[in-house]
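Asker: Got a structure for you, questions after.
The values are calculated or read from the model by the stated rules, or taken from the named source; none is laboratory data. Since the structure is predicted, the reported quantities are computational estimates derived from the model, not experimental observations. Positions of Cβ are backbone-derived with ideal geometry, glycine not excepted, and every protein chain shown enters the neighbour counts.
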Amino acid sequence: MNPKSLRIPVAVLAERRPGVTQWAEHVWRVVEVLEEAPPVPDWTVLREEQGRTLFFAGAAEVVLHPTDTSNYKHNLEAATPLVWVALRPAATPAGFALQTVTVDPGEAHLHADTGNDLVEALPLPPGLRATAEAFVAEHHVERQFYKRKRDKADPQALARRGPAWEDEE
């Protein structure tokens, strides 16, 4: 890891609700990212009411890297800056494990593409937002867009090549 990277501790609250269809017994959603973790073990039940159960999903770290500041900058410039939380199915009593918390939309997209992770976007907490803004202000370097140009193909050179199986000798 880059020595200029920054680790910010956070905590996550998740909720389990009864499913609304016959195919889903429960529905999970992440409800909040806290800037301080309560002194309880991961997946502790915090509250139960009307079939809904609120869990302390666990503590995590938001890691900011100097090379990814353009992603953070785009997120911070949005109308509502977001923080993404990924929960992964696991062999735990709750059935999930806290995988990651990030302010990088690209990283969140990678978790969404895995197909099994539950990825939720929430408004960025004020303290985390201030820290991310300060990090971007310190480390962001605007890079000019560079469009690569392809080499021109030589049709004559392509015509002189034999079939692919002749090249294997």
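Asker: Report yes if some residue within region 44-67 is surrounded by 14 or more Cβ atoms within 10 Å (Cβ to Cβ) and among the acidic types (Asp, Glu); otherwise report no.
Answerer: For region 44-67, residues surrounded by 14 or more Cβ atoms within 10 Å (Cβ to Cβ) and among the acidic types (Asp, Glu): absent.
Asker: Return the only residue of VAL27, VAL45, VAL40, VAL33 being aliphatic (A, V, I, L, M) and modelled with pLDDT of 95 or more.
Answerer: Details: VAL27 fails: modelled with pLDDT of 95 or more; VAL45 fails: modelled with pLDDT of 95 or more; VAL40 fails: modelled with pLDDT of 95 or more.
After ruling out the rest, the residue left standing is VAL33.
Asker: Quick one: GLU35 ticks every box in (1) surrounded by fewer than 11 Cβ atoms within 10 Å (Cβ to Cβ); (2) touching a helix residue (DSSP H, G or I) at 6+ places or on another chain (Cβ under 9 Å) except a single one, so which number is it?
Answerer: The failed condition is (1).
Asker: Would you check if VAL119 is touching a Pro at 6+ places or on another chain (Cβ under 9 Å) and among the β-branched types (Val, Ile, Thr)?
Answerer: No: the conditions fail for VAL119.
Asker: For ARG88, state whether it is surrounded by 11 or more Cβ atoms within 10 Å (Cβ to Cβ), charged (D, E, K, R) and within 22 Å of GLU25 (Cβ to Cβ).
Answerer: yes
Asker: For the subset of region 1-43 comprising residues that are among the acidic types (Asp, Glu) and free of Cβ contacts under 8 Å to residues at least 40 places away in the same chain, which member is nearest to PRO126 (Cα to Cα)? Before the answer, list the steps.
Answerer: Here is the first cut: in region 1-43, the ones among the acidic types (Asp, Glu) are 15, 25, 32, 35-36, 42.
Checking which are free of Cβ contacts under 8 Å to residues at least 40 places away in the same chain leaves us with 25, 36.
Details: GLU25: 35, GLU36: 12 Å.
The residue in question is GLU36.
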